[in-house]
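Contents: one structure, followed by commentary.
The values are calculated or read from the model by the stated rules, or taken from the named source; none is laboratory data. If you're wondering where the values come from, they're calculated on a predicted model, not measured in any experiment. So basically every Cβ, Gly included, is an ideal-geometry build from the backbone, and we count neighbours across all protein chains shown. What goes into the accessible areas is simple: the full protein's heavy atoms, side chains included, and nothing from ligands, DNA or RNA. Shrake-Rupley method; radii C 1.70, N 1.55, O 1.52, S 1.80 Å.
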Amino acid sequence: MGGRHYKTDSDGKPYVDQNFDSYAVEYTFPDGGKMTMDGRCVDGAHPIYSSYAHGSKGIAVVSSSNDCDPPSRTFKGQNITRSAMIWESKIDPEERNPYQNEWKLPHGRHPQ
């Protein structure tokens with residue numbers, strides 16, 4: 001689901017694009033588990049862009065900022081504290097480009 005909040009820019013020129021100002025998605029997995037995602041890109045909104053997964057046993061930080069900003073981390077419980085951390089990803093700096101990574105095949109190969 002999504003919507004537009006502003007139809008014109010500050011000079012009165014209409015926005016013409018396919019982007020929503022707010023959006024939400026609910027994913028349902030084969031085992032019945034659900035994940036929800038929501039976001040907004042509205043002037044004046046709190047400037048945060050990150051992804052979290054909450055479960056009955058803990059929380060995961062999928063990305064700290066941007067689409068794929070490492071490190072990803074998992075925590076027991078719902079508090080993101082160093083003492084509750086279970087796991088943290090380790091990624092070499094040259095492997096951090098999400099736009100390159102989305103094209104990788106298994107075992108790090110790239111399509112020809």
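For the reader, a short list of remarks on this structure follows.
- Residue-count net charge about residue 25 - beta-carbon cut-off 14 Å; Lys, Arg +1, Asp, Glu -1: 0
- Within the accessible area of the range 1-90, the carbon and sulfur atoms contribute 55%, probe 1.4 Å, all protein chains present.
- Full extension of the segment from residue 16 to residue 42, taken as 0.36 nm per residue of separation minus the current Cα-Cα distance, would add 7.8 nm.
- Averaged per residue, the range 39-98 has 72 square angstrom of accessible surface, using a 1.4 angstrom probe with ligands and nucleic acids left out.
- Over the range 1-73 - Rg/Rh using Cα atoms and the Kirkwood inverse-distance radius: 1.08
- Residue 86 versus residue 53: modelled label distance in nm, points set 7 Å from Cα along the beta carbon direction: 1.1
- Only Lys, Arg (+1) and Asp, Glu (-1) charged, at Cβ; the chain dipole about Cα centre in debye: 420
- Modelled spin labels at residue 28 and residue 7, positioned 7 Å past Cα toward Cβ, are 3.4 nm from each other.
- FRET efficiency, 1/(1 + (r/R0)^6) with R0 35 Å, evaluated for residue 103 and residue 79 via beta carbons: 0.45
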